[in-house]
1. Filter the range 217-238 down to the residues that are touching a residue at least 12 places away in the same chain (Cβ under 8 Å) and surrounded by fewer than 21 Cβ atoms within 10 Å (Cβ to Cβ), then identify the one that is nearest to residue 135 (Cα to Cα).
2. Being under 17 Å from the mean Cα position of the chain (by Cα) and within 15 Å of ligand 2 (Cβ to nearest atom), is that true of even one residue in the range 354-370?
3. Just give me the residues in the range 141-177 being surrounded by 24 or more Cβ atoms within 10 Å (Cβ to Cβ) and acidic (Asp, Glu), in sequence order.
4. Could you please let me know if residue 469 is among the acidic types (Asp, Glu) and either within 16 Å of ligand 2 (Cβ to nearest atom) or surrounded by fewer than 19 Cβ atoms within 10 Å (Cβ to Cβ) (or both)?
5. From the list 424, 396, 378, which one is within 15 Å of ligand 1 (Cβ to nearest atom), under 28 Å from residue 20 (Cβ atoms) and either among the basic types (Lys, Arg) or part of a helix (DSSP H, G or I) (or both)?
6. With the condition kept exactly as written, say whether any residue in the range 544-553 is in contact with a helix residue (DSSP H, G or I) (Cβ under 8 Å, 6 or more places away or on another chain), of a type outside the set (Gly, Ala, Ser) and part of a loop (DSSP other than H, G, I, E, B).
7. Would you mind stating whether residue 369 is in a helix (DSSP H, G or I), more than 12 Å from ligand 1 (Cβ to nearest atom), of a type in the set (S, T, N, Q) and more than 24 Å from residue 535 (Cα to Cα)?
Amino acid sequence: MKLVIILLLCHMLYCVDVDKNTFSNYKDVKTQHLHIEWLLNLNDKVVDGSVEYTLKVFANQLSEVHLDIYKMNILFIYYPSNGQVLKYHVESDPIQKDEQGDKLVIELGQVYKYGEIVKFRIKYQIGEDARALSFMDPSQTDDKKAPYLFSQCEANNCRSMIPLQDTPSIKFTYSATVITQSPLINVFMSGNRLQTQKFELMGNYEMNSIANIFQFELNIKIPAYLIAIVAGTVEERSTGARTAVISESKNIQKYKDELEDLDQYVQYLEDYIGEYKWGSYKIVILPASFPFGGMENPLLTFANPTIIVGDKSGVSVAVHEIAHSWFGNTITCNNWSNMWINEGFCVFLERKGLKTLFKDINLVHVNSQVGNNEMNALIKEFNSSQDDFVKSYASLHPKTENHNADDSFSTIPYERGFQLLYYLEKQINETRFQQLLKAWLQEYEYKSADESDFYRFMILWLKVQLSAEEFTTVKKSIDNVYTKWVYDYGQPPIQETFENPASKDVLQLVNAWIEGKGTKPQNYQIFDGFKSNQKQLFLSSLTEKSKDITEAIMVSLEDAYHLSDLRDAELLFRWYALSINTKYAKDTTNLQKIKAFVGVVGRMKMVNPIYKALNKETATQWYQENYAFYHPLTRQSIESIIKSKTIIE
Ligand code: BES
Ligand code: ZN
């Protein structure tokens, strides 16, 4: 028994505090600042990079620095102070190479002591192998005038564009100088843009051509995965005192109209959690191949155009990404097994903001119900796997060692994490929990933390705030569930169902459709009055009951609501996946519409369920046809979906 307790303590106090997805010696030496210099050659899809490192030694003696790299060409490493060239070699494991990359071992040529600063520079080159980067031809852009480049570093992709300590537990400031070779290209990074200089291109470039030098600086410490860049014929339009939208010119007015309330969204979140300390907040609407809905790059959220629906129903993604300014970007998870420290807290804050935005808590609960449906389906799926890793993805502490950390990514850290925080809030009360979250932010501001840090912090805080009697009761109610909630692979110990009037109508309609076996329910037209998230709940509940959905029901649903022709991709992808799964979409025209959809939307959440539903042959064919359109990360995930399919279905 004692041993079990000791092991558990070790697990909670020490073992979780290790990032198993980095090859770097980040406990011995820690990045303080990076200065990045990039020369973009977008026509050839190559970037010449040079990075100056400022590192602080935390070991008694340090003679080597180990950095993470992924498929890049290191040219040379030297001390900028005296020009001394440093020896280096790459340690590579053939299996890990594709998953997580390699270890770059730099010999410092001398021994550094605790507290000393090490500064060196690395010159290197990257190209299309950099899985963080998407290089696009002018023909793939909206404006068709120039090439386009954007990055996606979370989780462990930054190491493919910069050699560094690619772990969320190390935070540093950065500055950057980016040189373009075309006057058309505008550049933004996840920091403040300083002055831009024009210069005349010499040498091999077109004569008399003017290009730009952009400079950036971020003085708030961030982890590697929050470094981001976008370069293309993009422009910026203000949406308020501190917010703006950035995109190519073709659709910028539409994007600006949809996101005109950005300033208010920041305000709603500030009202709950405290000051937004990053300065400005801008959203880049990227090309449709961007693999996520949104990515919280500091000061510069990246987003997929599917969030622009025309009726502002997709803006909750913006609210979510703004919420990361506190949870994720200010307090960051220590390692990728603790992703809920980012995403669970972020969803919790997002839904506080949505409460103000929707002016109706019931509609927020509808989002939580959609989340629950998807979480429960995933827990079942993961639990039925034979693979120990996949099984662990149902918990809030997925196994990630020796794997690409992205493998464990799912909606579990979002919804299981949200549910845990919702439960904790209920154990005290809303106001107290709000105070607790503010105190948590203050304590871990600009630091990284994990589940045991949160537990320890919460208990200490409660002990000070509550009466002895209340504390004993609350602690017991937390201790009864916390470890299970985080580590167990089954359902969370308690699950709030969030039933409410706004969802009751939806769920009744779902049942009426199923009971009707193809006959339209009497009140079927109430669907048209539903908000977008109620429609999502409608489709996700049908999906949950897909065994009961006959072809006759599908035909009738289509006839009633014209679901295949909706404009909202959040609804379309659910309907399309259901259409394939229920065999409604076979050779009918619907399959053509679905094919067209996966050719213009590259957001993984939306294309993955469709590829999962397709048979191997069709999936392979569609994938090959759209290969050039998809982002490297989307390619990776579709390829693994196809690989897991059996040929005879
Ligand atoms: N940080 C995530 C995106 C991410 C997670 C990228 C893990 C790479 C690895 C982002 O904040 C996010 O959660 N985006 C969601 C939208 C949100 C409203 C749930 C998405 O892309 O769908
Ligand atoms: Zn998120």
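The values are calculated or read from the model by the stated rules, or taken from the named source; none is laboratory data. Here the structure is a predicted model, which means the values were calculated and not measured. Cβ: placed from backbone, ideal geometry, glycine included. Neighbour counts: every protein chain shown.
1. Initially, the range 217-238 is screened for residues touching a residue at least 12 places away in the same chain (Cβ under 8 Å), giving 217-237.
With the extra rule that they be surrounded by fewer than 21 Cβ atoms within 10 Å (Cβ to Cβ), the set shrinks to 217, 219-221, 235-237.
Details: 217: 24, 219: 28, 220: 28, 221: 28, 235: 18, 236: 21, 237: 24 Å.
Out of the qualifying residues, it is 235.
2. Checked against the condition, which is being under 17 Å from the mean Cα position of the chain (by Cα) and within 15 Å of ligand 2 (Cβ to nearest atom), the range 354-370 yields no hits at all.
3. 154, 166
4. Values: among the acidic types (Asp, Glu): yes; either within 16 Å of ligand 2 (Cβ to nearest atom) or surrounded by fewer than 19 Cβ atoms within 10 Å (Cβ to Cβ) (or both): yes.
Yes: the conditions hold for residue 469.
5. The match here is 378.
6. Yes, the range 544-553 has at least one match.
7. Details: in a helix (DSSP H, G or I): yes; more than 12 Å from ligand 1 (Cβ to nearest atom): yes; of a type in the set (S, T, N, Q): yes; more than 24 Å from residue 535 (Cα to Cα): no.
Spelling it out, it is not the case that residue 369 is in a helix (DSSP H, G or I), more than 12 Å from ligand 1 (Cβ to nearest atom), of a type in the set (S, T, N, Q) and more than 24 Å from residue 535 (Cα to Cα).
Residues checked against (1) touching a helix residue (DSSP H, G or I) at 6+ places or on another chain (Cβ under 7 Å); (2) farther than 15 Å from residue 243 by Cβ:
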{"site": "281", "(1), (2)": "yes, no"}
{"site": "290", "(1), (2)": "no, yes"}
{"site": "297", "(1), (2)": "yes, no"}
{"site": "308", "(1), (2)": "yes, yes"}
{"site": "318", "(1), (2)": "yes, no"}
{"site": "323", "(1), (2)": "yes, no"}
{"site": "331", "(1), (2)": "yes, yes"}
